[in-house]
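Data first, discussion second: the structure below is written as structure tokens.
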Amino acid sequence: MARAGDDGSRSKIGLMPSLCLGVAVLYLARDVLVPMALAILLAFLLTPAVTWLERRRLGRILSIIIVVGASLTAIGGLTWVVEQQFVEFGAHLPNYRENIQDKWRRIRGASDGDLATAAKAVETTIKSVATTNPAVHPKTSAAAAPGSSVAPLIIQESSDPWAFPKMVEQYSGLVFSPLATMGLILVFVIFILVNRRDLRDRILRLVGDARLHLTTQALDDAATRITHYLLMQSAVNAVYGVCVGIGLWTIGAFSAEGRFPNVLLWALLATLLRFLPYLGSWIAAALPIMLSFVFFSHASIFLATVGMYVGLELVTANLLEPWLYASSTGLSAMAILASAVFWTWLWGPIGLLLSTPLTVCLVVVGKYVPHLQFLSVMLGDEQVLEPSVRTYQRLLSLDQEEAGELLQKYRKENGLQRVYEEVLIPALVLAERDRYSKTLDADREVFLCQAMRDLIDELGEAEKKETPAAAVADDSAVTILCLPAHSEADEIVGLMLAQLLALKGQRAIAVSQVSLAGEMLEMIQAQKAAVACISALPPAALSHSRYLCKRLKIKFPDLPTVVGLWTSNADAKTSLERLCADPRVRLATTVKQAVAELLEMVQPLQLQQIADADTQTPAASTGLETITSRRD
């Protein structure tokens, strides 16, 4: 009979051919899918503006016409400005020739002998290859002069009467193919904007009514993430371009050699090319940096330009982008890099442009489709392991330092009590589970327990330093004894509980698990404990704690007691009946509950002790002695 795990493994293995087939379809159908993907991306970008106009009662068609028309006008205006700037830049290029030659002479003059010799050898080789006479065609324009180093101009006569039409067809394809693609994208955008509600309904109908809620959540999640990402990226890139323009203008204004040429061109290129992840910023920066080197004589202009671009990129990539939109995409930094490489390999430069939105869609699909959950795990930025699991894994790897860093960070964000409640105790439960199943070897068990003790001490010391007003036990405090039910893990939880009580001004002692039950009973009398707390972790928490609780009640029937069945999901009333049918015994399943129960128990004892100290002799000064005398 096949097991459920086998079915899951088969489904995952069977998913691989489907994924390979999907990648093959994406690659082979890229001529159709790339325009469609670009259209969907633009539709996401334009939808908020269309929706805003529709809410102003302009109608869907008129709103789409206004938004698409304004977008085309903006794109056309930017294209015209960039073209004019390029024409101006090309017209001034001959003016830079003298500076380039001067810089080249300085570089050659500053080179040492070996480098200059190597450069000269390379130059000579290139000249010799360039001046080698090829085989002369029978018909040439003129015979080469004897001894001339210049190759004759070869004139080839074509006998193909269709040569000119082929050339026209070739160059027409180069011109009209991009125009046709742009037209197709425009048609797709308008169609998606007009029918976006109908398309959504059809997707919901295909998925079915049973999954209507999840599908609606997935569509809304994807649309929100992509739209927010595109809008924020457009705003960030616009700010980046403005800063580039201001920076280059400022550099030229403080230069004695005149203004920086074509500042508007470089600002626009920085804005547009930055839509390409990772590469766009440096492609846009390459030309201005080269221009600052060849146009200006002083190296300070070159260094200032490089420093400006590096500083802008560091601030934008590490501060502005993460703050505005990086977390909203739900992608990890590694996923963004890997997706850029994958989609560039699949679809070229357009794939690089679309890599982040497409990967966002994959993460959303993995989040809502169980069989594709690995996509969300591999590409998403959410923590896939609970803090307790991460801590336990680090301790299994014998990495106490990183485990301590995780716990300290969690303590600063959530407090010491929640560290114990939500991280360390669940990690101990995992360790106990592995110990009972004999998958935890002895060396790691010893290291893990000792590391836990050290981490508890470190966390307690850090808490005391950061909370100077932490309470200190005074003379009126009664003694609370934390007793381990059976194992060392029970004792470690007792240490946590005793530490938390001590920070609240109580006198608490954690008893070692090497003590026998009879020794623990003697310790209660020796320490004059007024309250006892039994600490027990699953999987055998109930049986061990029941035995100790019965022994405790036989010798000290009036001793207030709290039994901590940590992380227990059983019914509290039933568990308490199985433990001990005694009204002075209370049950706690969390550290917070145990601390509250213990503080409630010790408060009247402390008040009674204070009252007795005011009226009795010093010989009867402790609450425990009073309780003992009553028992006697």
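The values are calculated or read from the model by the stated rules, or taken from the named source; none is laboratory data. In this text, all values refer to a predicted model and were calculated from it rather than measured experimentally. No Cβ is skipped: glycine too gets one built from the backbone with ideal geometry, and neighbour counts run over all protein chains shown.
Quick rundown of the values:
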{"read-out": "Enumeration of residues in the range 39-81 that are in a helix (DSSP H, G or I) and among the charged types (D, E, K, R)", "value": "Glu54, Arg60"}
{"read-out": "Scope the range 496-511; condition in contact with a Lys or Arg (Cβ under 9 Å, 6 or more places away or on another chain) and buried (at least 23 other Cβ atoms within 10 Å of the Cβ); matching residues", "value": "Leu501"}
{"read-out": "Selection count where residues are assigned to a helix (DSSP H, G or I) and touching a residue at least 40 places away in the same chain (Cβ under 8 Å), scope the range 253-264", "value": "1"}
{"read-out": "Evaluation of Trp343 against (1) touching a Gly at 6+ places or on another chain (Cβ under 6 Å); (2) of a type outside the set (Ser, Thr, Tyr); (3) over 30 Å from Leu15 (Cβ atoms) (one fails), failing number", "value": "(3)"}
{"read-out": "Restricting the range 336-346 to residues that are hydrophobic (A, V, I, L, M, F, W, C) and surrounded by fewer than 22 Cβ atoms within 10 Å (Cβ to Cβ), the residue that is nearest to Ala218 (Cα to Cα)", "value": "Ile336"}
{"read-out": "The range 577-601 - residue that is surrounded by fewer than 18 Cβ atoms within 10 Å (Cβ to Cβ) and among the aliphatic types (A, V, I, L, M) and, of those, farthest from Leu428 (Cα to Cα)", "value": "Ala581"}
{"read-out": "Output for the range 535-569, where each listed residue is in contact (Cβ under 8 Å) with a residue 24 or more places away in the chain and part of a loop (DSSP other than H, G, I, E, B)", "value": "Leu537, Pro538, Pro539, Ala540, Phe556, Pro557, Asp558, Leu559, Pro560, Trp566, Thr567, Ser568"}
{"read-out": "Where a residue in the range 233-248 is in the same structural domain as Pro322 (by TED's automatic domain parsing) and crowded, with 21+ Cβ neighbours inside 10 Å and its partner, wherever it lies, is among the charged types (D, E, K, R) and not in a helix (DSSP H, G or I), with Cβ under 6 Å and at least six apart", "value": "Tyr240/Arg274"}
{"read-out": "Test: residue in the range 283-306 that is under 29 Å from the mean Cα position of the chain (by Cα), farther than 30 Å from Thr227 by Cβ and in a helix (DSSP H, G or I)", "value": "no"}
{"read-out": "Tabulated pairs, the range 265-283, first in the same structural domain as Ala74 (by TED's automatic domain parsing) and without any contact (Cβ under 8 Å) to a residue 24 or more places away in the chain, second buried (at least 21 other Cβ atoms within 10 Å of the Cβ) and in a loop (DSSP other than H, G, I, E, B), C-beta under 9 angstrom, 6+ apart or interchain", "value": "none"}
{"read-out": "Residue that is modelled with the lowest pLDDT [pool: residues in the range 17-38 that are small (Gly, Ala, Ser) and in a helix (DSSP H, G or I)]", "value": "Ser18"}
{"read-out": "Test: Lys504 is among the basic types (Lys, Arg), at pLDDT below 90 and under 21 Å from Gln593 (Cα atoms)", "value": "yes"}
